[in-house]
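Shown next, in structure tokens, is the structure this report addresses.
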Amino acid sequence: MENCLRLSVIVQTPLRLPRARYLDKKTTMDTAVASPATTSADQHTVHGACPHDCPDTCALITTVKDGVAIKLQGNPEHSHTAGVLCTKVSRYIERNNHEGRLVQPMRRSGPKGSGQFEPVSWDEALDDIAARLKSLAGINPETIVPYSYAGTMGLVQGESMDRRFFHKLGASLLDRTICSTAGGEAFGFTLGGKVGMRVEFFSEAKLILIWGSNSIASNLHFWRHAQAAKRAGARLVCIDPRKTETADKCDEHVALLPGTDAALALALMHELIAHDWLDHDYIAQHTLGWEQLRERALHWPPSRAALVCGVPESQIVELARAYGTTKPAAIRLNYGMQRVHGGGNAARAVACLPALTGAWRHRAGGVLLSSSGQYPIDRAALQRPDLLAGRTPRTINMVKIGDALLDNANPINALVVYNSNPVAVAPDSGKVVKGFEREDLFTVVLEQFQTDTADYADYVLPATTQLEHWDVHFSYGHTDVMLNTPALAPRGQARSNTWVFRELARRMGFAEPCFSDDDEALVASAFPAGSIDTEELHAKGFTTLALPQAPFAHGNFPTPSGKCEFYSAQLAAMGQDGLPDHVANHEPFGSSAVYPLAMISPPARNFLNSSFVNVASLRNIEGEPLLEIHADDAASRGIESGQVVRVFNARGEHRCRAEVSRRARPGVVHGLGIWWRKLGLDGTNVNQLTSQQLTDIGRGPTFYDCLVQVEAAPAQEAPGR
Ligand SMILES: Nc1nc2c(c(=O)[nH]1)N[C@H]1C(S)=C(S)[C@@H](COP(=O)(O)OP(=O)(O)OC[C@H]3O[C@@H](n4cnc5c(=O)[nH]c(N)nc54)[C@H](O)[C@@H]3O)O[C@H]1N2
Ligand SMILES: Nc1nc2c(c(=O)[nH]1)N[C@H]1C(S)=C(S)[C@@H](COP(=O)(O)OP(=O)(O)OC[C@H]3O[C@@H](n4cnc5c(=O)[nH]c(N)nc54)[C@H](O)[C@@H]3O)O[C@H]1N2
Ligand code: SF4
Ligand SMILES: [Mo]
């Protein structure tokens, strides 16, 4: 490994991050390591899959010449990708070759969070980590906590050897709730799972409600189908507090207040009932709880919902007419609308709509939140929960990591972070940072880059990227299985997550044969034999699941009753309302004179959560952390575009640039995310303001249920950049 030799010369003194440049700028790749898709004398292409947390899960083709990636493009043969990648992943080679890539294991050499590290060998790092974990596990393994999310969505690098390791150890379990559990579980209680329309049939719909989704930014390949529908005469309606780039391109924009979607959905039901735009036969045969839901919906005339949602009554009436009278009508729901207290109920209310009108009868009718429940993934084989051997460790909710790290009664003594950047992405960062600062907390971070979280590590272990490791992927926006074959040798001393957990397992003395499975064996075990076309997967890099075109045309919902459950006995048994209802925000708009503005923090188009924030060409497009604010709210505070503002509430304060924007409605401000704290104006990001409160269903985060006040920062305090 010539790279490592060169590095050991370069990296002699303790490192000061993030400013120090600790990597050689020129990237030297070794030879390609895997079977190519096509080959010529010195150049070949390799099939891959985009690993990012995005519904599109694109098929990639990497062209490799002399061991160096020279081109990355979308696979034109994969119909969902259609040869097109988003701006972010078009820059994946830039990200891969980035001078900030971590290429050497490092040990902390200064105070926590100072970003001071010294290089160590893999053996030294792994021996010490294993020894520390062993000694903690000897007292109580539950004091050890894994923290991971969807930095890669891959089944192998995201949820295989890592889970086996922590199961065998008996570590605390992590409730991975930070994104989708409110809506996901709500769909489970209503439709029976993360199931719904096939994305490709949206192109045949005549009405599409794009609900809580900025599709152009975060679901580009769905947007292609919506555009095709529009060209064929469909009407597109965007339901979103923010006038997004997607709303700009729709026929209609319903700019409701955050957290009021259930009220809107119930008012739509009210109108469907009042005008008898109902499919009585479908309701009778394939739904449960119609009489109760009818009763509930009749309490929500549009006039009432208009007050709650902060939109004109006439707009609700018109939307209901369009939904009740246009066939086929499709709803693209996304997770943006469920990051509030009532997110679960809201998703349930929306999930009921297509059964009322019988929209499911047509393949271009229904609703899609996530398609991931349709994959026959063998998670027991990948994750081996049997290694718990009857133990039932406590579960930590990842949303509440701030509180959990500061809980002295139930201490966390070691945290192993991978595929996630919690210091930037978890809510209530003031507490998260305080937790990570604990001198008595042993923190290991597996990362590709020196993130905000890596700054607090005791050991930073350099991770491979998607171009450098094996994986196999499901998708939550389409229904193909995707294979990722490594195109390049790992950069420097970077190693895959699976390699690290295999090595740790060996050092811990875990003797089960499953700890020796290599990555290709893990790929092979992800789907039960015969459930997918493995030959096609390996030949083309993708294979399509065999699924019906209109999944619920004849009912057959995967619920306990086999029907669309308007009324859920399961929820009622949990002490919850069995019917969907409007559940007010934890911090309802208008409830506080001190914090009169509702803040949402949706994704910036050129970042993917906190990934890509360090890629200069993309960061330059986004500029700086921004707060979009309506002209009236700005004027009453004497704020002008470009000015630095203080955004604050009882949890904290964050400074950023104001942009007086037509995208904001009165009363709602948008702090686009998710910036790295250390690249922001004052070393914070929007999560300094968000809370650790949970959703009604699914124990999810409430990032968009957050009241703040905004004021101009005194001129002398405005930091330059
Ligand atoms: N470019 C880019 N793409 C991404 C991501 C990214 O960060 N950047 N994130 C990825 C991830 S992690 C996910 S989970 C998926 C889905 O990602 P989501 O986070 O759901 O992203 P969006 O589709 O942008 O949807 C958020 C939209 O919901 C709106 N919204 C906020 N509050 C409410 C509300 O109360 N009601 C309604 N109706 N709308 C509301 C926001 O203004 C925003 O436009 O996308 C993925 N794709
Ligand atoms: N305010 C606010 N906060 C939010 C949201 C919001 O809308 N507003 N959205 C929330 C949502 S929906 C989500 S999903 C979460 C996302 O939060 P995270 O899942 O933490 O996502 P990222 O910020 O992209 O961080 C993923 C990290 O994994 C690393 N990584 C990628 N691949 C690998 C690998 O193979 N190995 C290892 N070891 N590391 C790898 C990347 O370098 C990156 O730093 O954030 C949530 N936080
Ligand atoms: S981030 Fe999404 S749109 Fe971009 S390449 Fe990956 S899967 Fe495709
Ligand atoms: Mo997410």
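The values are calculated or read from the model by the stated rules, or taken from the named source; none is laboratory data. In this text, all values refer to a predicted model and were calculated from it rather than measured experimentally. With ideal geometry, Cβ positions are generated from the backbone for all residues, glycine too; neighbour counts draw on all protein chains shown. These area figures cover heavy atoms from the full protein model, side chains too; ligands, DNA and RNA do not enter into them. Shrake-Rupley method; radii C 1.70, N 1.55, O 1.52, S 1.80 Å.
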As an exercise: evaluate Glu447 against (1) touching a Phe, Trp or Tyr at 6+ places or on another chain (Cβ under 6 Å); (2) surrounded by fewer than 24 Cβ atoms within 10 Å (Cβ to Cβ); (3) closer than 20 Å to Met161 by Cα and give the number of the one condition it does not meet.
(1)
Is it the case that region 513-524 has a residue that's among the acidic types (Asp, Glu) and open to solvent by less than 30 Å² (accessible area, probe 1.4 Å)?
yes
Across region 50-70, which residue is nearest to Ile216 (Cα to Cα) among those that are polar (S, T, N, Q) and part of a strand (DSSP E or B)?
Thr62
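Kindly provide the set of residues from region 488-512 that are polar (S, T, N, Q), outside any loop (DSSP other than H, G, I, E, B) and open to solvent by 10 Å² or more (accessible area, probe 1.4 Å), ordered by number. Spell out how you get there, then give the answer.
We begin by selecting, within region 488-512, every residue polar (S, T, N, Q); these are 493, 496-498.
Still in the list and also outside any loop (DSSP other than H, G, I, E, B): 497-498.
Across region 488-512, the qualifying residue is only Asn497.
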Of the residues that make up region 120-128, is at least one modelled with pLDDT of 95 or more, out of contact with any strand residue (DSSP E or B) (no Cβ under 9 Å at 6 or more places or on another chain), within 16 Å of ligand 4 (Cβ to nearest atom) and open to solvent by 30 Å² or more (accessible area, probe 1.4 Å)?
no
Selected residue [under 24 Å from Asp386 (Cβ atoms), in contact with a strand residue (DSSP E or B) (Cβ under 9 Å, 6 or more places away or on another chain) and in the same structural domain as Val523 (by TED's automatic domain parsing)] from Gly151, Gly158:
Gly158
Tyr476 vs. criteria more than 24 Å from Asp127 (Cα to Cα) and crowded, with 24+ Cβ neighbours inside 10 Å
yes
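Just to be sure I understand, how many residues within region 188-197 are open to solvent by 10 Å² or more (accessible area, probe 1.4 Å) and either within 16 Å of ligand 4 (Cβ to nearest atom) or part of a loop (DSSP other than H, G, I, E, B) (or both)?
Here is the first cut: in region 188-197, the ones open to solvent by 10 Å² or more (accessible area, probe 1.4 Å) are 188-189, 192-195.
Cutting the leftovers down to either within 16 Å of ligand 4 (Cβ to nearest atom) or part of a loop (DSSP other than H, G, I, E, B) (or both) gives us 192-195.
Looking only at that region, the number is 4.
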Please enumerate the residues belonging to region 476-500 that are touching a strand residue (DSSP E or B) at 6+ places or on another chain (Cβ under 6 Å) and within 14 Å of ligand 3 (Cβ to nearest atom).
Asp480, Met482, Asn484
In region 353-377, what count of residues is obtained for those that are open to solvent by 10 Å² or more (accessible area, probe 1.4 Å) and farther than 16 Å from Ala322 by Cα?
9
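Run down Leu597, Leu537, Leu571, Leu608 and say which single residue is more than 16 Å from ligand 4 (Cβ to nearest atom), more than 30 Å from Pro302 (Cα to Cα) and touching a residue at least 24 places away in the same chain (Cβ under 8 Å). Walk me through how you get there before you give the answer.
Working: Leu597 fails: more than 30 Å from Pro302 (Cα to Cα); Leu571 fails: more than 30 Å from Pro302 (Cα to Cα); Leu608 fails: more than 16 Å from ligand 4 (Cβ to nearest atom).
Only one candidate qualifies: Leu537.
Among the residues of region 682-689, is there at least one that is more than 18 Å from the chain's Cα centre (by Cα), open to solvent by 50 Å² or more (accessible area, probe 1.4 Å) and not hydrophobic (A, V, I, L, M, F, W, C)? Break it down stepwise before answering.
Of the residues in region 682-689, the ones more than 18 Å from the chain's Cα centre (by Cα) are 682-684, 688-689.
Adding the requirement that they be open to solvent by 50 Å² or more (accessible area, probe 1.4 Å) leaves 682.
With the extra rule that they be not hydrophobic (A, V, I, L, M, F, W, C), the set shrinks to 682.
The answer is yes; a qualifying residue exists.
Take region 267-289 and flag every residue that is of a type in the set (Val, Ile, Thr) and touching a Leu at 6+ places or on another chain (Cβ under 7 Å).
Filtering region 267-289 for residues of a type in the set (Val, Ile, Thr) gives 273, 283, 287.
Ile273, Ile283 - these are the residues of region 267-289 that are of a type in the set (Val, Ile, Thr) and touching a Leu at 6+ places or on another chain (Cβ under 7 Å).
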Go through region 62-92 and give me each residue that's open to solvent by less than 30 Å² (accessible area, probe 1.4 Å), modelled with pLDDT under 95 and more than 29 Å from Ala226 (Cβ to Cβ).
Gly67
How many residues does region 385-407 hold that are in contact with a Ser or Thr (Cβ under 9 Å, 6 or more places away or on another chain) and either at positive phi or assigned to a loop (DSSP other than H, G, I, E, B) (or both)?
2
Return yes or no: is Gly233 within 30 Å of Gly83 (Cα to Cα), more than 16 Å from ligand 3 (Cβ to nearest atom), without any contact (Cβ under 8 Å) to a residue 40 or more places away in the chain and of a type outside the set (A, V, I, L, M, F, W, C)?
yes
For region 400-435, how many residues meet the condition of being open to solvent by less than 40 Å² (accessible area, probe 1.4 Å), within 22 Å of the chain's Cα centre (by Cα) and either within 16 Å of ligand 4 (Cβ to nearest atom) or not acidic (Asp, Glu) (or both)?
20
Can you give me the ranges of the helices (runs of 4 or more DSSP H) entirely in region 280-368 with at least 3 residues that are within 16 Å of ligand 1 (Cβ to nearest atom) and of a type in the set (Gly, Ala, Ser)?
343-357
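May I ask you to verify whether Val615 is assigned by TED's automatic domain parsing to the domain that holds Asn687, within 30 Å of Gln448 (Cβ to Cβ) and away from ligand 4 (no atom under 16 Å from the Cβ)?
Working: assigned by TED's automatic domain parsing to the domain that holds Asn687: yes; within 30 Å of Gln448 (Cβ to Cβ): yes; away from ligand 4 (no atom under 16 Å from the Cβ): yes.
Judged against the criteria, Val615 is a match.
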Quick check: is even one residue across region 161-176 in contact with a Leu (Cβ under 7 Å, 6 or more places away or on another chain), more than 16 Å from ligand 4 (Cβ to nearest atom) and in the same structural domain as Tyr323 (by TED's automatic domain parsing)?
no
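Looking at the structure I just gave you, is Gly259 assigned to a loop (DSSP other than H, G, I, E, B), surrounded by 24 or more Cβ atoms within 10 Å (Cβ to Cβ) and either outside the structural domain of Arg332 (by TED's automatic domain parsing) or not polar (S, T, N, Q) (or both)? Full working, then the answer.
Working: assigned to a loop (DSSP other than H, G, I, E, B): yes; surrounded by 24 or more Cβ atoms within 10 Å (Cβ to Cβ): yes; either outside the structural domain of Arg332 (by TED's automatic domain parsing) or not polar (S, T, N, Q) (or both): yes.
Yes.
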Of these, Leu406, Leu446, which one is of a type outside the set (Ser, Thr, Tyr) and within 30 Å of Pro490 (Cα to Cα)?
Leu446
Output for Cβ contacts, cut-off 9 Å, separation at least six or different chains, first residue within 16 Å of ligand 3 (Cβ to nearest atom) in region 167-184, second part of a helix (DSSP H, G or I) and not acidic (Asp, Glu), reads Cys179/Tyr335; Ser180/Tyr335; Ser180/Gln338; Ser180/Ser372
Residue check, Thr695 against (1) at pLDDT 95 or above; (2) open to solvent by 40 Å² or more (accessible area, probe 1.4 Å), all met but one. Which one?
(2)
